[in-house]
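Since the structure comes first, as structure tokens, the remarks are kept for the end.
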Amino acid sequence: MMLYMTHPQHGAMHVYAEAEAVANEKNGWVREVKTGPVVQPIAEELSAAPIALPTKRRPGRPKKE
């Protein structure tokens with residue numbers, strides 16, 4: 001679990017443990033709730049045909065044609 005905490009004098013930092021977050025809150029740090037955009041997958045994109053991969057090349061110099 002990663003928390004984002006801010007302080008009016010010291011800026012911002014990440015906290016990874018709940019115990020560390022509680023200790024920081026005693027020193028004036030505040031938990032920030034960051035909500036990002038929710039991306040919904042579009043059904044049309046998921047059902048699209050797969051991209052054709054190029055043919056596998058053989059080792060060595062290509063033959064002259």
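Any read-out appearing in this document is the output of simple, stated calculations on the displayed coordinates, not a laboratory observation. Note that the structure is predicted; figures quoted are calculated from it, not measured. Because the Cβ atoms are built from the backbone with ideal geometry, glycine has one as well, and the counts that use them run over all protein chains shown.
Tabulated results
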{"read-out": "Estimated distance in nm for a label pair at A52 and E25, the labels positioned 7 Å out from Cα along Cα-to-Cβ", "value": "5.9"}
{"read-out": "Inter-label distance for V33 and H10, nm, one decimal - labels placed 7 Å from Cα along Cα-to-Cβ", "value": "2.4"}
